[in-house]
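Working notes, structure below.
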Ligand code: FAD
């Protein structure tokens with residue numbers, strides 16, 4: 001009996017740990033293209049980028065864990081092929097390993113800029129450990145940094161660099177940050193916070209060229225503006241790492257298609273985390289979610305199924321982001337809301353509740369962890385709400401859902 005896991009990040013490591021926790025007696029092999037111990041990604045754009053988190057705190061598990069749990073961790077090895085008939089995987093060092101069950105936890109890879117000048121030295125992306133190390137190194141010689149992208153990565157990088165005392169320009173293609181996933185209220189709050197901290201936010205700008213000679217000097221936008229840059233960091237999204245699955249004929253469509261147990265169209269192969277596309281029974285749609293919660297919860301579903309217990313995946317999606325001293329927390333998915341209700345405690349503490357036909361489908365909180373925890377508890381059932389209580393900071397939030 002053997003289980004091979006491709007990818008040793010949030011999803012892969014959790015799957016391996018859970019297999020052992022559930023008493024899986026077969027061989028567990030965890031293969032990672034990365035050369036370092038499996039690590040947490042969230043700090044890469046936050047504390048680790050700011051150089052205030054020691055490296056040991058980045059590791060998902062201590063190095064002794066893998067040996068103790070009899071998990072064969074293979075670092076610096078890339079799987080190049082899956083042979084479903086033979087039930088084997090090939091590695092880039094010519095090894096060929098057999099599996100009974102296979103878990104694909106290959107995550108996502110960054111989307112790259114395609115404008116002229118994108119390959120100049122000084123243009124960076126942030127997805128893995130080496131990226132952050134590279135950025136930290138380049139920052140030693142950089143003062144003016146242009147960050148491209150108004151998603152979580154762009155915002156977090158801008159906040160971190162501002163904390164490090166850099167001149168930061170943040171270029172956004174859309175009219176507000178996080179425009180696809182949150183309301184104007186949250187976007188406006190973030191815009192204001194970044195501006196207050198001295199970030200030069202430019203909205204509705206399309207980057208047309210990275211200017212430089214060998215090394216980046218400036219970023220040019222469609223309206224002819226040039227922004228001086230000693231370095232550029234682009235956070236323009238990711239694409240699911242689904243090539244292996246595609247090559248061996250598994251069903252893919254913006255992610256590797258899985259059923260409620262994380263099984264692909266080949267039931268001996270599972271796909272979890274950022275690379276998987278699944279149908280969510282509560283939201284009743286096909287989703288691919290990029291979050292630690294989703295990666296770890298899907299890992300539990302897949303490994304539990306491999307151990308013989310089939311429990312359908314239906315976890316509530318949740319996410320967090322740290323920018324300056326603000327903590328943003330999100331539960332549920334706000335797409336399709338028809339109304340919002342705001343519970344404001346102070347200028348810097350608010351919760352935005354997203355309703356669809358008076359049912360709570362999502363919440364964004366800023367520095368209101370208690371509201372996040374309470375809402376997260378109820379949101380799974382899409383409860384009907386009492387809007388007056390929801391908005392009233394002096395009333396117990398629990399009673400809004402009953
Ligand atoms: P990944 O973390 O992408 O890992 C996949 C692994 O598979 C990689 O190590 C890769 O090298 C390996 N791999 C790929 N192909 C192969 C192959 N062929 N052979 C061997 N190995 C392979 N989420 C939150 O919830 N909160 C946050 O605050 C947050 N902040 C983030 C900050 C940053 C900078 C980044 C990059 C992400 C952040 N995320 C955050 C998202 C979160 O980190 C991801 O959703 C999570 O890492 C997904 O885990 P995963 O295991 O599915 O995939």
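The numbers here are math on the coordinates, done by the rules we state, and not lab data. Small disclaimer: the values here were computed from a predicted structure and weren't measured. Note: ideal-geometry Cβ built from the backbone for every residue, glycine included; neighbour counts use all protein chains shown.
Work out the FRET efficiency for residue 100 and residue 348 from their Cβ-Cβ distance, taking R0 = 60 Å, and round it to the nearest 0.05.
The pair residue 100/residue 348 has a calculated efficiency of 0.70.
Considering only DSSP beta bridges whose two residues both sit in region 111-237, what percent are antiparallel, to the nearest 5?
Approximately 35 percent, going by the DSSP bridge assignments.
State the Kirkwood hydrodynamic radius of region 111-237 in Å, one decimal place, computed from all pairs of distinct Cα atoms. All intermediate terms of the calculation are to be shown ahead of the outcome.
Values: mean 1/r = 0.0694 Å⁻¹.
14.4 Å is the Kirkwood radius here.
Connecting C-alpha atoms closer than 10 Å in a GNM of the chain, tell me which of 249, 273, 107 has the biggest fluctuation.
249
Mind putting together the pair-distance distribution for the chain? All Cα pairs, 10 Å bins, whole percent per bin, short to long.
All Cα pairs, binned at 10 Å, distribute as 5, 21, 28, 26, 16, 4, 0 percent.
Rounded to the nearest 0.05, what FRET efficiency do residue 338 and residue 226 have when you use their Cβ-Cβ distance and R0 = 56 Å?
0.85
Using a basic spin-label model with each label point 7 Å from the Cα along Cα→Cβ, how many nm lie between residue 112 and residue 310?
My value for the distance between the label points is 4.2 nm.
Sort region 317-402 into rounded, prolate or oblate with this rule: let a ≥ b ≥ c be the square roots of the eigenvalues of the Cα gyration tensor; rounded if a/c is under 1.5, and if a/c is not under 1.5, prolate when a/b is larger than b/c, oblate otherwise.
Values: a/c = 1.71, a/b = 1.26, b/c = 1.36.
Oblate is the answer for region 317-402, as a/c is 1.5 or above yet b/c matches or exceeds a/b.
Count the DSSP beta bridges whose two residues both fall in the chain, then state the antiparallel fraction as a percent rounded to the nearest 5.
Numbers: 51 of 86 bridges.
Here the antiparallel bridges make up roughly 60 percent for the chain.
Would you please classify the overall shape of region 28-150 from the alpha carbon gyration tensor, given that a ≥ b ≥ c denote the square roots of the eigenvalues, rounded means a/c under 1.5, and beyond that prolate means a/b larger than b/c while oblate covers the rest?
Oblate shape, in that a/c is at least 1.5 and b/c is the bigger or equal ratio.
With the crude spin-label approximation of a point 7 Å out along Cα→Cβ, what separation in nm comes out for residue 247 versus residue 136?
Spacing of the two 7 Å Cα→Cβ label points: 3.3 nm.
Ignoring everything except DSSP H segments at least 4 long, calculate the 222 nm mean residue ellipticity for the chain; use -39,500 (n - 2.57) per segment, divide by total residues, nearest 500.
-6500 deg cm²/dmol
Ranking request for peptides 233-239, 191-197: highest mean number of other beta-carbon atoms within 10 Å first, then the rest in descending order.
233-239, 191-197
Using the Kirkwood radius over C-alpha pairs as Rh, can you work out the diffusion coefficient of region 175-287 via Stokes-Einstein at 10 °C, viscosity 1.306 mPa s, in µm² per second?
Details: Rh = 17.8 Å.
My calculation gives 89 µm²/s for D.
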